[in-house]
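**Q** Take a look at the following structure, please.
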Amino acid sequence: MDQAWRDHLVEEGDGTMRIRAHGTMKVDARLVTDAAHMQRHADDRGPEQLVNTASLPGVVGEAWAMADWHFGYGFPIGGVVATDTEFGDAGGAISPGGVGFDINCGVRFLALDATVNDIPNLKKLAGRLAGRIPAGGSGKGGVDITTSDLQDILQRGAHAAADLGHGHHADLAFLESNGLLETQEAELSQRALERGMKSLGTLGSGNHFLELQTVGSVVDEATAAAWGLYEDQVVAMIHSGSRGLGHQVCTDHVRGLEATYKQQEGMWVNEKWGYALPDRQLASAPVYSVEGQAYLDSMNAAANFAFANRAVLAERLRTVLKLEMGVDGEATTLYDVAHNIAKMETHVIHGKSCSCCVHRKGATRAFGGDHAEVGKQFASTGQPVIVPGDMGNGSWIMAGPLKGGNMAFGSSCHGAGRALSRSQAKKTLDGKALKRSLEAQGVRVHASTPNVLSEEAPDAYKDVDEVIRLTEQAGLARPVARMNPLAVIKG
């Protein structure tokens, strides 16, 4: 990869650093960072990938990396890149690598009107959650659905799940895009459908989790009050996505697109569209081409499955809370947000309105309270932005602007971001010792997969408080409340 980007790095003084366009870049790149943060993550290959994304056909504005950026497939995780849908004959590029393999991986945030003192037995509650929430890579333990149920879910997302009795219809107004992205055909491969049939209502492995938390500190009293949040309150985060179904959708389209690119003079070229890309993993199609539309339709179907998956997981959580806490276990959804998605949105770029295909890969939408896609209940606060940290240190909930957008296409960070790769973490961190340490602090931990505690240890992640500080400094979102972990269910 080209490391010349360091010669073009400029501190902007607003919580960001700019990489000026050079080489094949069509626009500048921006990182939400400062010199100290940059130095701590100096060997990260993410910025090199960000530079590559700035070469996409039709790219507009700037290619962004949120403060939690790290190395990914083609695009860095934490990457936000928009292309002009009016570019050329068939619109700018849409790239499956700009969404990632876990389509609509996202987080649902639920709140109880209860404190930790209302939990009769935390150890028993955590154990029962671990028993009722299927976790791990296998996908076992999903709810039974028919083929027609699955097709309905692919078309109607969380709405279909609610009609099947999974989740509350009242939740729908509190989900991004109301838990439903528009599809035409929803034609997925047989393998994708098979993987979806068994995994609805399962957590998955890796960084996916269900976590009971307490609100440790409120930093924006007015917004917290509007959302019904208060210190010592019990809340929950569910972090999961489209499971094997979404992974298969991405795999199918990545393979199909990458096969159309051939290497020529150091670039990957698709002669049909005249595309030349510095990395094959950026393989793209014009958004209005047959291939681009097929990917977008399949991606939306997989995203609908993910919304339904989190609805079932929320239902399972509520069942356990009710059993263990009675009336105190009533949990309401504050928000559910995607952080691996591509969406058609309108943004003002260099003073002009632009219809964009916005890729968010490991980045959360952070719209202002006056945005048409933000529910009226958030008009006075801005959209909730859910930022899970790590299981040892805590998480945050932030808010988009009160009005208007931010300069990163209405986007924010989505978590702490990895500081160590999974293999590095596995070699250097002791999962069993971590479990003992967390439980000594009063955090109950249940993990289904060997090595997951090493891979997901707090030391494997960036400092979430620093990520939040940089995000606020850059004006992307404002912090509302910080959560502390109470019980963690990991895959």
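The values are calculated or read from the model by the stated rules, or taken from the named source; none is laboratory data. Here the structure is a predicted model, which means the values were calculated and not measured. Positions of Cβ are generated from backbone atoms using ideal geometry, with glycine treated the same way; all protein chains shown enter the neighbour counts.
**Q** Checking GLU345 against (1) under 28 Å from PHE71 (Cβ atoms); (2) surrounded by 24 or more Cβ atoms within 10 Å (Cβ to Cβ); (3) over 14 Å from the mean Cα position of the chain (by Cα), only one condition comes out false. Which one?
**A** (2)
**Q** For region 438-464, what are the residues that are in a helix (DSSP H, G or I) and in contact (Cβ under 8 Å) with a residue 12 or more places away in the chain?
**A** Listed by number, the residues that qualify are LEU438, VAL452, LEU453, SER454, GLU455, PRO458, ASP459, ALA460, VAL464.
**Q** Assuming GLU211 fulfils every condition listed in (1) among the charged types (D, E, K, R); (2) crowded, with 18+ Cβ neighbours inside 10 Å; (3) in a loop (DSSP other than H, G, I, E, B) apart from one, which condition is it?
**A** Every listed condition holds for GLU211 apart from (3).
**Q** Still on this model: For region 360-386, enumerate the residues that are within 17 Å of THR333 (Cβ to Cβ) and under 14 Å from the mean Cα position of the chain (by Cα).
**A** Within region 360-386, THR364, ARG365, PRO384, VAL385, ILE386 meet the criteria.
**Q** Okay, next question. Would you point out which residue out of HIS41, HIS70, HIS8 is free of Cβ contacts under 8 Å to residues at least 24 places away in the same chain and either farther than 20 Å from LEU277 by Cβ or surrounded by fewer than 24 Cβ atoms within 10 Å (Cβ to Cβ) (or both)?
**A** On inspection, the qualifying residue turns out to be HIS8.
**Q** From the list SER148, SER138, pick out the single residue that is modelled with pLDDT under 95 and among the hydroxyl-bearing types (Ser, Thr, Tyr). First the steps, then the outcome.
**A** On the way: SER148 fails: modelled with pLDDT under 95.
Just one listed residue meets the conditions, SER138.
**Q** Follow-up question, since we're still on this one. Take VAL60 and tell me if it is of a type in the set (Val, Ile, Thr) and either part of a loop (DSSP other than H, G, I, E, B) or in contact with a helix residue (DSSP H, G or I) (Cβ under 8 Å, 6 or more places away or on another chain) (or both).
**A** no
Residue-by-condition table, conditions (1) out of contact with any helix residue (DSSP H, G or I) (no Cβ under 8 Å at 6 or more places or on another chain); (2) hydroxyl-bearing (Ser, Thr, Tyr); (3) within 30 Å of ASP430 (Cα to Cα):
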| residue | (1), (2), (3) |
| --- | --- |
| ASP370 | yes, no, no |
| GLY375 | no, no, no |
| ALA379 | yes, no, no |
| ILE386 | yes, no, yes |
| GLY389 | no, no, yes |
| GLY394 | no, no, yes |
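**Q** Moving to a separate point now. Identify the single condition in (1) touching a His at 6+ places or on another chain (Cβ under 8 Å); (2) acidic (Asp, Glu); (3) under 24 Å from ALA366 (Cα atoms) that ASP44 does not satisfy, given that it satisfies every other one.
**A** With respect to (1) touching a His at 6+ places or on another chain (Cβ under 8 Å); (2) acidic (Asp, Glu); (3) under 24 Å from ALA366 (Cα atoms), ASP44 is out only on (3).
**Q** When you check GLU62 against the structure, is it over 26 Å from THR364 (Cβ atoms) and either touching a Ser or Thr at 6+ places or on another chain (Cβ under 9 Å) or at pLDDT 95 or above (or both), yes or no?
**A** The answer is no for GLU62.
**Q** May I ask you to say which residue of PHE75, PHE109, PHE101, PHE71 is in contact with a Lys or Arg (Cβ under 6 Å, 6 or more places away or on another chain) and modelled with pLDDT of 95 or more?
**A** None of the others qualify; the one that does is PHE75.
**Q** In region 176-235, which residue that is acidic (Asp, Glu) and under 20 Å from the mean Cα position of the chain (by Cα) is farthest from GLY394 (Cα to Cα)?
**A** Once the filter is applied, the top-ranked residue is GLU182.
**Q** Please specify each residue of region 148-164 satisfying the condition of being touching a helix residue (DSSP H, G or I) at 6+ places or on another chain (Cβ under 8 Å), under 17 Å from SER199 (Cβ atoms) and not aliphatic (A, V, I, L, M).
**A** ASP149, ASP152, GLY157
**Q** Could you pull out the residue among GLY244, GLY206, GLY201 that is closer than 19 Å to GLY491 by Cβ and either in a helix (DSSP H, G or I) or aromatic (Phe, Trp, Tyr) (or both)? If you could, list the steps in order and put the result at the bottom.
**A** Working: GLY206 fails: either in a helix (DSSP H, G or I) or aromatic (Phe, Trp, Tyr) (or both); GLY201 fails: either in a helix (DSSP H, G or I) or aromatic (Phe, Trp, Tyr) (or both).
Among GLY244, GLY206, GLY201, only GLY244 is closer than 19 Å to GLY491 by Cβ and either in a helix (DSSP H, G or I) or aromatic (Phe, Trp, Tyr) (or both).
**Q** Restricting to region 165-184, and then to whatever is part of a loop (DSSP other than H, G, I, E, B), of a type outside the set (D, E, K, R) and out of contact with any helix residue (DSSP H, G or I) (no Cβ under 6 Å at 6 or more places or on another chain), can you tell me which residue is surrounded by the most Cβ atoms within 10 Å (Cβ to Cβ)?
**A** Going through the qualifying residues, I end up with HIS168.
**Q** Now, a different point. I'm checking my understanding of the structure. Among residues of region 187-199 that are in contact with a Leu (Cβ under 8 Å, 6 or more places away or on another chain) and in contact (Cβ under 8 Å) with a residue 60 or more places away in the chain, which one is nearest to ALA236 (Cα to Cα)? Full working, then the answer.
**A** Of all residues in region 187-199, those in contact with a Leu (Cβ under 8 Å, 6 or more places away or on another chain) come to 188, 192-193, 195-197, 199.
Those left that are additionally in contact (Cβ under 8 Å) with a residue 60 or more places away in the chain: 188, 192, 196, 199.
Details: LEU188: 32, ALA192: 30, GLY196: 25, SER199: 21 Å.
My answer is SER199.
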